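For reference, the structure discussed in these notes is given below.
The values are calculated or read from the model by the stated rules, or taken from the named source; none is laboratory data. What you are looking at is a predicted structure, and each value in this text was computed from that prediction instead of being measured. Note: ideal-geometry Cβ built from the backbone for every residue, glycine included; neighbour counts use all protein chains shown.
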């Protein structure tokens with residue numbers, strides 16, 4: 001059975017991106033967003049998903065789209081680097097932002113590195129949390145909530161949880177930036193360890209209605225456009 005139990009495994013970020021879209025089309029449910037980003041739009045969403053990228057360090061990190069499809073890929077190597085440097089580990093926010101992930105992540109990195117080095121990787125405590133008790137009151141609380149680092153079979157594995165996750169435009173840039181974060185941590189480790197997989201979990205991986213036509217171009221199965229009567 002294809003994508004049994006919404007489990008997706010692939011060699012590269014591009015591999016899992018394409019398969020996750022197909023899985024969401026086949027197994028997702030549709031609903032109208034009442035509160036949150038793009039309120040009023042229809043989302044096609046998976047109730048849960050596990051994604052395992054076996055070799056996320058393979059370049060290019062950015063995904064590609066065929067020239068014949070008529071639209072550009074949702075990210076690029078430059079955009080991924082900017083996302084990593086300014087948003088994942090950067091702590092300065094623009095006037096219209098409530099936060100950046102880096103405001104939560106950057107202060108915890110030295111401790112995560114120390115935990116891994118002090119234990120030579122034999123620990124489950126290198127866990128970084130994003131958000132706090134006040135985040136639930138924000139108009140747009142952080143989507144990424146947890147990042148963990150574990151050494152498994154001699155490889156540094158990064159695992160993440162997204163409470164809500166834009167599959168088409170967000171997933172490729174997010175995973176690319178997180179791979180750069182893993183490489184940043186790896187460079188600070190004092191024991192022998194190899195680069196390893198990324199494992200991502202979400203109970204809200206979705207495709208926004210505005211991307212339905214683009215996703216349909218890239219996939220064999222198609223998202224049925226919601227009828228006006230279905231939208232109230």
Hand me the list of helices (runs of 4 or more DSSP H) wholly inside region 64-182 holding 2 or more residues that are surrounded by 18 or more Cβ atoms within 10 Å (Cβ to Cβ) and in contact with a strand residue (DSSP E or B) (Cβ under 7 Å, 6 or more places away or on another chain).
101-105, 109-119
Evaluation of residue 3 against (1) at negative phi; (2) free of Cβ contacts under 8 Å to residues at least 60 places away in the same chain; (3) out of contact with any strand residue (DSSP E or B) (no Cβ under 8 Å at 6 or more places or on another chain) (one fails), failing number
(1)
Criterion first (at pLDDT below 95 and either over 19 Å from residue 182 (Cα atoms) or buried (at least 19 other Cβ atoms within 10 Å of the Cβ) (or both)) does residue 48 satisfy it?
no
Please go through region 200-223 and pick out each residue that is surrounded by fewer than 20 Cβ atoms within 10 Å (Cβ to Cβ) and in a strand (DSSP E or B).
201
With respect to residue 189, determine if the residue is at pLDDT 95 or above, part of a strand (DSSP E or B) and in contact with a helix residue (DSSP H, G or I) (Cβ under 8 Å, 6 or more places away or on another chain).
no
Just to verify a result, which residue in region 1-21, among those that are crowded, with 17+ Cβ neighbours inside 10 Å and either assigned to a strand (DSSP E or B) or at pLDDT below 95 (or both), is farthest from the chain's Cα centre (by Cα)?
3
Taking the conditions exactly as written (assigned to a loop (DSSP other than H, G, I, E, B), surrounded by 14 or more Cβ atoms within 10 Å (Cβ to Cβ), at negative phi and more than 14 Å from the chain's Cα centre (by Cα)), does residue 55 satisfy them or not?
yes
